1. Just need a number here: residues in the stretch 112-137 that are within 12 Å of the ligand (Cβ to nearest atom), part of a helix (DSSP H, G or I) and buried (at least 16 other Cβ atoms within 10 Å of the Cβ).
2. State whether one or more residues within the stretch 200-220 are of a type in the set (S, T, N, Q), more than 14 Å from the ligand (Cβ to nearest atom) and in contact (Cβ under 8 Å) with a residue 24 or more places away in the chain.
3. Can you confirm whether LYS34 is surrounded by fewer than 17 Cβ atoms within 10 Å (Cβ to Cβ) and within 14 Å of the ligand (Cβ to nearest atom)?
4. Scan the stretch 10-26 residue by residue and report those that are out of contact with any helix residue (DSSP H, G or I) (no Cβ under 9 Å at 6 or more places or on another chain) and within 16 Å of the ligand (Cβ to nearest atom).
5. Please specify each residue of the stretch 52-66 satisfying the condition of being of a type in the set (Val, Ile, Thr), farther than 16 Å from ALA185 by Cβ and buried (at least 18 other Cβ atoms within 10 Å of the Cβ).
6. Does TYR160 fit the bill of being within 12 Å of the ligand (Cβ to nearest atom) and among the hydroxyl-bearing types (Ser, Thr, Tyr)?
7. Is there a residue in the stretch 155-172 that is closer than 30 Å to LYS116 by Cα, in contact (Cβ under 8 Å) with a residue 12 or more places away in the chain and of a type in the set (D, E, K, R)?
8. Just checking, does the stretch 37-50 include any residue being away from the ligand (no atom under 15 Å from the Cβ) and under 19 Å from ALA167 (Cβ atoms)?
Amino acid sequence: MKFMFDTANIEDIKEYKDIFPITGITNNPSIIKKEGKIDFFNHFKEIRKILGFEKSIHIQVVAENCEGIIKDAETILENIDNKIYIKIPVTEEGLKAMRLLKSKGVNITATAVYTKIQSLLALETGADFIAPYFNRMENIGINPREVIETTANMINKYNYSTEILTASFRNIGQVVDAFSSGSQAVTVPPQILHDSLMMPSIQKAIGDFTLDWENIFGKEKSIY
Ligand code: E4P
């Protein structure tokens, strides 16, 4: 299993990277918009410094045609570093660009996946990761579990090295469902992971244990 953070927020990355077992971070233009008009390349160079090269950074292209996508990819790789995973939406132009970039050894994350056929085409095009949009699918009545399961079955059946990196989550139940359906990885806003451990029953259980301990041994919490 792999967990990634779906954020470009440097403070969140710094705060949560030592808490949660993350293997990378992902972005799209809407996530970057939340950070304001950042100095784009320096911002991601700083994130790379914080995360190191053993973690993956996934940055999305903005252009919609093949030529523009290739140009965006080259600009990202030149100005940040050549280990970046280039996120490309699965459209006809996107698939064409993925094939060309893959032939040059570029790391690819196929994104904006809502359907099984998008997923299967990205798989056969050689994407390193495929990102199905869990919550967005649910919003329009598509069952994301079926899309993930079908993709996972094909990966297993034909031994693809591609991993399913499910994205677009609103709650932790969706995250668990993504893994149960066959996702190898998920990308989650750190706040969702934080909230999942702050639930009142967990806090109450810990408070009750502390009270019981203090009732017998007093306020000194240390066992030793
Ligand atoms: C991954 O980075 C996706 O683009 C992202 O998870 C989409 O999430 P959203 O549906 O919350 O916009």
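1. Let us first name the residues in the stretch 112-137 that are within 12 Å of the ligand (Cβ to nearest atom), namely 112-114, 129-137.
Now narrow it down to the ones that are part of a helix (DSSP H, G or I): 134-137.
After this cut, where a residue has to be buried (at least 16 other Cβ atoms within 10 Å of the Cβ) as well, the list is 134, 136-137.
Qualifying residue count for the region: 3.
2. Residues of the stretch 200-220 that are of a type in the set (S, T, N, Q), as a first pass: 201, 203, 210, 215.
Adding the requirement that they be more than 14 Å from the ligand (Cβ to nearest atom) leaves 201, 203, 210, 215.
Then keep just the ones that are in contact (Cβ under 8 Å) with a residue 24 or more places away in the chain; that gives none.
No, the stretch 200-220 has no match at all.
3. Numbers: surrounded by fewer than 17 Cβ atoms within 10 Å (Cβ to Cβ): yes; within 14 Å of the ligand (Cβ to nearest atom): yes.
Judged against the criteria, LYS34 is a match.
4. Step one: filter the stretch 10-26 for residues out of contact with any helix residue (DSSP H, G or I) (no Cβ under 9 Å at 6 or more places or on another chain), giving 11, 18, 21, 23, 26.
Of everything in the stretch 10-26, those that are out of contact with any helix residue (DSSP H, G or I) (no Cβ under 9 Å at 6 or more places or on another chain) and within 16 Å of the ligand (Cβ to nearest atom) turn out to be THR23, THR26.
5. If we filter the stretch 52-66 for residues that are of a type in the set (Val, Ile, Thr), which is where we start, we get 57, 59, 61-62.
With the extra rule that they be farther than 16 Å from ALA185 by Cβ, the set shrinks to 59, 61-62.
Residues satisfying the conditions are ILE59, VAL61.
6. Details: within 12 Å of the ligand (Cβ to nearest atom): no; among the hydroxyl-bearing types (Ser, Thr, Tyr): yes.
No.
7. Scanning the stretch 155-172, I find at least one residue that is closer than 30 Å to LYS116 by Cα, in contact (Cβ under 8 Å) with a residue 12 or more places away in the chain and of a type in the set (D, E, K, R), so the answer is yes.
8. The initial filter retains those residues of the stretch 37-50 that are away from the ligand (no atom under 15 Å from the Cβ), namely 37-43, 45-46, 48-50.
Narrowing the set further to residues that are under 19 Å from ALA167 (Cβ atoms) leaves none.
No - not one qualifying residue is present in the stretch 37-50.
Bear in mind these aren't lab numbers, they're just calculated from the coordinates by the rules spelled out. Since the structure is predicted, the reported quantities are computational estimates derived from the model, not experimental observations. Neighbour counts are summed over all protein chains in view; Cβ atoms, including those assigned to glycine, are modelled from backbone coordinates with ideal geometry.
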